[in-house]
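First up is the structure itself, then whatever we jot down about it.
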Amino acid sequence: MDRVGTGPGDQYRPDHSDDDKGDDNFGGSSRDWCREAVTRLDAGRPEDALTAAHRAADLDPFSEWAHRLSSLAFERLGRDADALPPAREAVRLALGSWPARVRLAAVLRRLPGHWDEALDQVALARRFAPERPGPYVLDGDLALLRAEHSRAAAAYRAALDLDPGHPQARVNLGLTLLRWDRPRAHHDPAWPIEPRETGRARRALEVWSRQARLLVALATLTVAVAALGFDRGTEAKLAGFAVLVLLVPLTLGQARRIRVWPYVPGMLGRDPWLGTAVVSAAVSVVAFAAWLGLATVPGVPSSFDPVWAGLAAIAVLGWPMLAALRALAETWRGRPVQALTEFIRAAGERTARRNAGVALWIVLGRTWSVLVPLVLGALAVEPRAALLAVAVPYPLVGSYRRAGYREDKWLAAATALVALAAAACAAGGTLGSAWSWRAGLGALGAVAIVFALRAVRAWWRGAPGPWRASLIMCDLPVGAEPSVELTSEIRQAFAYARNVVLTYGDSLGPRVVGAVATVGPSGELRLIAETEAWEAIETDPRVAVFAADPLQRRFWVEVRGIALADGDLLRVTPKQVLMGEFPGRHQRR
C-alpha cells in the first residue's frame, strides 16, 4: 500500500507541451518555483501555476512538493486523469508525507473505481498527522459525498477541535446538520462506473415516470368527462385501453436507454425521491388499469363506487400529492438553525454566505408550514388559540438578525410578511377583528407568492434558488503545503555524524536505539536500525532522529517525522526540524 507509483518501475515525467515560455527569466530554485506556483494558484491562475510547478520539477525531479502542485494545478483545470500521475509520484518520493497522501486521496475520489484507495490514503494521512485538521476534513468530505452524515459530522468536529477556524469544516458541518445530499444523490461515488452512465439511467427513469403519470392522469380525466358528461362511455373506455397499449412502447424505449440495470436498485435506494417517483408511476398505471377494468365489468354493485373513485384519485392526484409531500419533507429535514450557526462562523467563505441564505429560506418554510395549520385551525375551532401564532416567527426573525443576510431582498420581504401574518392573526383571534384576520391570511398568501416569484426569478436567470438544491459543498484545494527542507548543514550533520539516535514509542514508552543514516535525494532520511524498532514503528510511525555534526562539535539536529519500511531500510519523511548548539564550557557552569 505504501509503494505508490505510476506503474511497475515507472517514474512520472511532466509534459511541458502547455507551458508558457514567458517565465524563462524568472530564475530561482525549485522551491522558489513552488512558491510561485502556490501564489498563482491562490490568484486563480491554474495554467500558470502548472507551468511553475513543471519548472520546479525540472530543477529538482525529486521534489515531491513540485509534483503535488502539478497535481493540484491539473485538478483546478478539470483534468482529473492528468492529476493522478504526479500525485502518485509525490507519494513515491515521500512515503510518509501526509500532504502527499491527502493530495492523492483528493484525486482518487474523483476517478471511478478508486474510492477504496482514496479512503486508504486518508486513513494513512490521519495516522501520519493526527495533529493536523486537513486529513479529518477530507475524511469528512468522503463521508458527506456518500450521505454518511453521522461519520462526516464526527470527522468535521475532530478537525474543528484542532482548528476552530477551519472554513471548510464549518461549512460542510453545516451541510451535515441539514442532512444534505449531493446533486447526483442517485450515484454512489464508490461505484466503479462513470457518473454519466447512472445519470443516463436516472434520466430514463425520470422521463418514464413523468410520461406515465401524465398520460394516466389525462386519460383518467378524459374518460371520466367523456363517459359522464357526453355519454360516450364505450369510446372513452377504448381510448383508455389505447393509452395502456401506448405505455408499452414508451416503457420499452426508456428501458433500452438504461445500460446499468444491476445498479438501478442501488440508485433507487440512494435517491428515495427517484424511487418514489418510479413506484408512484407504476402504482398510477395499475390504478388506472383497475379503474378501467371496473368500469367495463357489468353489474358492479354500488358499494364499489368508493373504490372506483379512489382508483381515479390515485391516477389523477398522485403526482401533485407527491410533489407536496416532497416539499414538506425537504422543508423539515435536518436542523437548519444549527446549520446556520456553522455558516455564520465561517462567514469569510463565499459558500457559507450562499448556504446561509438557503438555510434561512428553509427556516422560513418551516415557519410558514406551522403558521398555516395553526391559524386555520384556530379560525375553525377556537379563534383565541391564534394568540400562539405570535411565538412561531421568533426562530426565523432571530436567525435572520444573527445571519445579517441582506443580499436577498425577497427573503427580507418574506420574513417581514411572516411576522406581520403572525401578529395580525393573533390580534384577530384575541380582539375578534375581521380586518386583522384578513390582513394575517393575506400576508400568509403573500409569502407563498413571494417565494414563487423568487423561485421563478432564480430559474429564469440560472441563479441559486430558495431550495435545497442550491446548497453547495465547500471544496477548497488541498495538498499545497510546503515540504520540510533539509538544508546543507543538516545533510552534512547526517553525512558525517558518528552517532545517530532513533527514538520511537511502544507500549512501554519512549525507546532509543542507535542507527545509521543517510539523506536521500528527495530529502528523506534512510535508516538502518535494530529489528526491535521496526515492529513498534509499524504501530506508530512517528519517530525522531538525532545527530550531531562532528566537524563543528557544537552543532546538533533533530528531525521529527514519519518512518515507513522500504525493503531493508526505514524511510523517514521529515515533518519538523530542530537545530541548535551544545552549551559551551562556561555555559555548563
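The values are calculated or read from the model by the stated rules, or taken from the named source; none is laboratory data. A quick note: this is a predicted structure, and the numbers were derived from the prediction, not measured. For neighbour counting, all protein chains shown are included, and Cβ atoms are generated from backbone atoms with ideal geometry for every residue, glycine included.
Only one of the listed residues (A281, A315) is part of a helix (DSSP H, G or I), in contact with a Lys or Arg (Cβ under 6 Å, 6 or more places away or on another chain), assigned by TED's automatic domain parsing to the domain that holds W208 and surrounded by 15 or more Cβ atoms within 10 Å (Cβ to Cβ). That residue is A281. Condition test on E481, is it of a type in the set (D, E) and modelled with pLDDT of 90 or more? Criteria met by E481.
Checking each residue in segment 325-341 for being assigned to a helix (DSSP H, G or I) and either over 19 Å from Q168 (Cα atoms) or of a type in the set (G, A, S) (or both) picks out L325, R326, A327, L328, A329, E330, T331, A339.
From the list A391, A323, A329, A346, which residue is surrounded by 14 or more Cβ atoms within 10 Å (Cβ to Cβ), of a type in the set (G, A, S) and either touching a Cys at 6+ places or on another chain (Cβ under 9 Å) or at pLDDT below 95 (or both)? Answer to the selection: A346. Within segment 164-193, which residues are crowded, with 17+ Cβ neighbours inside 10 Å and closer than 18 Å to V478 by Cβ? Residues satisfying the conditions are H166, P167, Q168, A169, R170, V171, N172, L173, L175, P189.
On the phi < 0 side of the Ramachandran plot and over 31 Å from the mean Cα position of the chain (by Cα): is that true of L388 in this structure?
Spelling it out, L388 is indeed on the phi < 0 side of the Ramachandran plot and over 31 Å from the mean Cα position of the chain (by Cα).
If you go through segment 200-252, how many residues are under 27 Å from P262 (Cα atoms), β-branched (V, I, T) and in contact with a Leu (Cβ under 7 Å, 6 or more places away or on another chain)? Matching residues across segment 200-252 total 0.
In segment 356-371 there is no residue matching the filter, namely being touching a Cys at 6+ places or on another chain (Cβ under 8 Å) and either surrounded by fewer than 21 Cβ atoms within 10 Å (Cβ to Cβ) or of a type in the set (F, W, Y) (or both). Looking across segment 183-223, the residues that are over 21 Å from L322 (Cα atoms) and touching a helix residue (DSSP H, G or I) at 6+ places or on another chain (Cβ under 9 Å) come down to H187, D188, P189, A190, W191, P192, I193, E197, T198, A201, T222, V223.
Restricting V248, V243 to residues that are touching a residue at least 12 places away in the same chain (Cβ under 8 Å) and either farther than 29 Å from R202 by Cβ or not in a loop (DSSP other than H, G, I, E, B) (or both) narrows the list to V243.
Report whether or not R146 is more than 14 Å from the chain's Cα centre (by Cα) and farther than 21 Å from P477 by Cβ.
no
The residues of segment 394-431 that are surrounded by fewer than 16 Cβ atoms within 10 Å (Cβ to Cβ) and among the hydroxyl-bearing types (S, T, Y), listed by number, are Y394, T430.
Find the helices (runs of 4 or more DSSP H) located wholly in segment 342-431 whose residues include 2 or more that are of a type in the set (S, T, N, Q) and out of contact with any His (no Cβ under 7 Å at 6 or more places or on another chain), and list them.
350-380, 409-431
The selection criterion, being among the polar types (S, T, N, Q) and in contact (Cβ under 8 Å) with a residue 60 or more places away in the chain, holds for S470. Looking for something among the aliphatic types (A, V, I, L, M), touching a helix residue (DSSP H, G or I) at 6+ places or on another chain (Cβ under 6 Å) and within 22 Å of P574 (Cβ to Cβ) - is there at least one such residue anywhere in segment 80-89? There is at least one residue in segment 80-89 that is among the aliphatic types (A, V, I, L, M), touching a helix residue (DSSP H, G or I) at 6+ places or on another chain (Cβ under 6 Å) and within 22 Å of P574 (Cβ to Cβ).
Take the residues in segment 542-556 that are in contact with a strand residue (DSSP E or B) (Cβ under 8 Å, 6 or more places away or on another chain) and modelled with pLDDT under 90; name whichever of them is nearest to R126 (Cα to Cα). Ranking the qualifying residues of segment 542-556, first place goes to A547.
If the requirement is being modelled with pLDDT of 95 or more and under 30 Å from T539 (Cβ atoms), which of these qualifies: L104, L72, L95?
Being modelled with pLDDT of 95 or more and under 30 Å from T539 (Cβ atoms) holds for just one of L104, L72, L95, which is L104.
With (1) without any contact (Cβ under 8 Å) to a residue 12 or more places away in the chain; (2) over 35 Å from the mean Cα position of the chain (by Cα) as the list, and P272 as the residue in question, which single condition is left unmet? So P272 meets the others, but not (2). Looking for something loosely packed, with under 13 Cβ neighbours inside 10 Å, basic (K, R) and part of a helix (DSSP H, G or I) - is there at least one such residue anywhere in segment 439-458? For segment 439-458, residues loosely packed, with under 13 Cβ neighbours inside 10 Å, basic (K, R) and part of a helix (DSSP H, G or I): absent.
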